[in-house]
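Below you'll find the structure, written out as structure tokens, and then a few comments.
Read-outs throughout are calculated quantities, based only on the coordinates presented, and are distinct from any laboratory measurement. Since we're looking at a predicted model, the values are computed, not measured. Ideal geometry is used to build each Cβ from the backbone, glycine not excepted, and the neighbour counts take in all protein chains shown.
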Amino acid sequence: MIAGSGITPSSAGITAAADVPAPTVRPTSLLRRSLRLWRTRIGVIIVGGLVLLAIIGPYIAPYGPSTPVGVPNATPGGKAVLGTDYLGQDVLSRFLYGGRNILVTAFIATAAGLIVGVAIGLIAAYARNALDDVLMRIMDVILAFPQIMLALVAVAVVGPHAWVIVLAIALTTAPRAARVARGAALPVVERDFIACSEAMGVPRWRILFGELLPNTLGPLMVEASLRMTYSIGVIAALSYLGLSPNPNSPNWGTMIQENQIVLPVQPWGAVMPIIAIALLTIGTGLIGDGIARTAAGIDRARSAE
Amino acid sequence: MKRLTSGGVPGFVIRRLLLGLIVLLMVSLVVFAATQALPGDPARAILGRSATPQSLAALRRHLHLDQPVIQQYLTWISGLLHGNLGISLAAQEPVTKLLAPKLVNSAVLVAVAAVISIPLSVAIGSWAAFRREKVFDTLSSNLLLVLAAVPEFVVAITLVILFATTVFPRVLPSISTIPPGSRPWDHLSFLILPTATLVIAVAPYVARIMRASMIEVLESDYVEMARLKGLPERTVLIRHALPNALGPVFQVIALSLAYLAGGIIVIEFVFNYGGIGSALQESVLNHDLPVVQALAMLIAALYVALNLLADVATIVVTPRLRTRL
């Protein structure tokens, strides 16, 4: 998965070929239309199922996340349905507790990064002057760090606190979102209704967020699901690398690392979180692709008219 | 930069080079500020709470923390430019000496992955475009979509489960620790799983862009013209379509290579492969700031250089873009 460098079609600077054109449909109708595609439906079902699992998981878990229930690395059977992990804790219970942390962190970080990034991208596109250049060059500097590396350096300097991880992910998500937002807003800025609003004396912030933003929501929704996919990957990878705020908290990434050595004996402790993370990222990826296809389809139909 | 438009291709290269240098300068400021100039005491962060005042003072002198911030930055950056990256705090030896063999290991891994994944993904993407909406296209598109989403360490461990531990035990080694003093190519079986992971991590992006670009080219007038001239389909595809479709792919290939530089951090950790990625993870855990600084600069510089190469290569292979310079 390309999380670090943010390889999106629209990050291809001079090759505009892969840029997603801004579809001028209402976002709700874009979402509804994209649900006609099977891939979007499957994605929504997978993500919905895992979110539900993360929410109700702790209530249906048979044991506490750190309660020892038997000998370490016991294979499935008896008291522990999926066996026990390297400390003799119940794999199923830890799995049911372990999703919340990743989902909440990834959601907050991605949302914060998207809000900041989209604001910067829209301001840059609307400014069309030196401010545009300055803002986008600053974004280039942040883009020179792979996402996971910046998060690692931040953790090295400040420590593995939850807010450091959220901040690092948000900071690296913002420039990628800014590029997409700017690319989508540039053609809209040139259109007559923006000039019209300017002539009517509509305040600048209302033009930015009341007129530019709604007309760029198509590509931004695609970007949002893509960024969510990458954030989940990076956050899971960080806890896999042993850099989660609380080393013994039940967390899918941490679980994989803890139980990797005992894979030949008792695979379930690593296999369950692996399946969950893979399904979660595949789900968000499918949703993003579904929205992108729908947006492109609407656009093609319009240009054919 | 858009306003400085003259000079054709050499002018463009010079402008991009200058821009790259400016970005690198700012990157060095960010790395320095983040690791050394932040409020708070890096020496205490490194040594922890048990540090004695003497050891704190010694470390501060060692890191030049007793000098003014500007002086610290200048000392650091001039050392960097002279190839002197300081002394690793954990290993107590020069960072350059510590990182050189690891750099070779990582370079081998990335090079092998690139040599395999780029032709493979170009082939998959082109073939899917030739056979658009047929079985191969549908299957490969969906598979690539799924593979593109899954984090690389999940791919890595899935491969370990499949080929090393659980499903087909001991077909391949699950750990790829290169013994000190030997080279990665002495242990080819160690390279297979890490390389496969990198290939799976990168190929989907290149293949998807290749497919889109090839479809666009195949629908173009000059391909139709070549067909109408009666050229054999093989010649049309290989001589006319392929070179033109590769243009937009360069950018993605360069970005993918740059990505590999970041992606190896987790993958090397999974396989315990001694490269710069696992060195970064270790130095982060040990608070070994000189090593963190060196690796951050190295990976960022690689990223900027590859982006620059991609832009220049795109201009060189796409003549019509030159008119916009």
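Could you sort the peptides B:181-189, A:283-291 by per-residue average Cβ neighbour count (10 Å cutoff), highest mean leading?
In decreasing order of mean packing, B:181-189, A:283-291 become A:283-291, B:181-189.
So what's the angle, to the nearest 10 degrees on a 0 to 90 scale, between helix B:53-62 and the longest Cα principal axis of chain B?
That works out to roughly 50 degrees.
Averaged across B:288-298, how many Cβ atoms of other chains sit within 10 Å of each residue's Cβ atom?
Details: counts 1, 3, 0, 1, 5, 2, 0, 3, 8, 0, 0.
Mean inter-chain Cβ contacts per residue within 10 Å come to 2.
When B:Leu231, A:Leu220 are ordered from fewest to most other Cβ atoms inside 10 Å of their Cβ, what list results? If you can, show how the numbers build up before the last one.
On the way: B:Leu231 15, A:Leu220 24.
Listing B:Leu231, A:Leu220 from fewest to most nearby Cβ atoms yields B:Leu231, A:Leu220.
How much net charge surrounds B:Gln67 when only other residues with a Cβ under 12 Å from its Cβ are counted (Lys, Arg +1; Asp, Glu -1)?
Local net charge: +1.
Can you sort B:Asp221, B:Asp137 by how many other beta carbons sit within 10 Å, fewest first?
Listing B:Asp221, B:Asp137 from fewest to most nearby Cβ atoms yields B:Asp221, B:Asp137.
Quick one: helix A:38-60 against the long Cα principal axis of chain A, what's the angle to the nearest 10°, folded into 0 to 90?
Long axis of A:38-60 versus the principal axis of chain A: about 50 degrees.
Within chain B, what is the longest stretch that has no GluC sites (Glu not before Pro) placed in a DSSP loop and near at most 15 other beta-carbon atoms within 10 Å?
B:1-132
If you keep only loop residues by DSSP, which trypsin sites (Lys or Arg not before Pro) in the stretch A:31-91 have at most 16 other Cβ atoms within 10 Å of their Cβ?
Those that pass, being in a loop and sparsely packed, are A:Arg36, A:Lys79.
Taking the Cα centre of the stretch B:72-214 as the origin, how large is its charge dipole in debye, to the nearest 20, when only Lys and Arg (+1) and Asp and Glu (-1) carry charge on their Cβ atoms?
Dipole about the Cα centre, nearest 20: 260 debye.
Quick check of the Kirkwood formula: for the stretch A:54-295, what is the inverse mean of 1/r over all pairs of different Cα atoms, in Å?
Kirkwood radius, the stretch A:54-295: 19.8 Å.
Determine which aspartates and glutamates satisfy two conditions relative to A:Lys79: a Cα distance under 17 Å, and not lying fewer than 8 residues away in the same chain.
A:Asp90
Taking 0.36 nm per intervening residue step and subtracting the Cα-Cα distance, what contour gain separates B:Arg60 from B:Val171 on full extension?
34.9 nm
Give me the extension gain from B:Arg131 to B:Arg183: residue separation times 0.36 nm, minus the current Cα-Cα distance, reported in nm with one decimal.
Result: 14.5 nm gained on full extension.
Could you give the nm distance between label points at B:Arg239 and A:Ser249, where each point is 7 Å from its Cα heading toward the beta carbon?
Simple spin-label model gives 6.4 nm for this pair.
Out of the trypsin sites (Lys or Arg not before Pro) in the stretch B:229-325, which ones are loop residues according to DSSP with at most 16 other C-beta atoms within 10 Å? Walk me through the numbers before you get to the answer.
On the way: sites: B:Lys229, B:Arg234, B:Arg239, B:Arg320, B:Arg322, B:Arg324; in loops: B:Lys229, B:Arg324.
Counting only loop positions with at most 16 other Cβ atoms within 10 Å, the trypsin sites (Lys or Arg not before Pro) in the stretch B:229-325 are B:Lys229, B:Arg324.
Taking other Cβ within 10 Å of each residue's Cβ, how do A:Arg227, A:Arg182 sort, fewest first? Write out the running numbers ahead of the final one.
On the way: A:Arg227 30, A:Arg182 26.
By the 10 Å Cβ count, ascending, the order reads A:Arg182, A:Arg227.
Would you please report the Å³ per residue occupied by the convex hull of the alpha carbon atoms in the protein assembly as shown?
That works out to 187 Å³ per residue.
A:Thr84: net charge of surrounding residues, Cβ under 14 Å, Lys/Arg +1, Asp/Glu -1, itself excluded?
-1
Give me the inter-chain shielding for B:262-275: mean count of other chain Cβ atoms within 10 Å, whole number please.
Details: counts 11, 8, 2, 8, 11, 1, 0, 5, 6, 0, 0, 0, 0, 0.
What the average comes to for B:262-275 is 4.
In µm²/s, what is D for the stretch A:144-236 at 4 °C and 1.567 mPa s, where D = kT/(6 pi eta Rh) by Stokes-Einstein and Rh is the Kirkwood radius from Cα pairs?
Details: Rh = 15.2 Å.
Here the translational diffusion coefficient equals 85 µm²/s.
Shielding by partners for A:131-144, please: the mean number of other protein chain Cβ atoms within 10 Å of each residue's Cβ.
4
Express the C-alpha Rg of the stretch B:229-320 as a ratio against the empirical globular expectation 2.2 N^0.38 Å, rounded to two decimals.
On the way: Rg = 19.5 Å, N = 92, 2.2 N^0.38 = 12.3 Å.
The value comes to 1.59.
Is chain B best put as rounded, prolate or oblate by its Cα gyration tensor, with a ≥ b ≥ c the root eigenvalues, rounded for a/c under 1.5, and otherwise prolate when a/b is larger than b/c, oblate when not?
Working: a/c = 3.03, a/b = 1.51, b/c = 2.00.
Verdict is oblate for chain B.
Excluding A:Leu208 itself, what net charge comes from residues whose Cβ is under 14 Å from its Cβ, given Lys and Arg +1 and Asp and Glu -1?
+1
Specify the angular offset, from 0 to 90 degrees and rounded to the nearest 10, of the alpha carbon long axis of helix A:162-189 from the longest principal axis of the alpha carbons in chain A.
30 degrees
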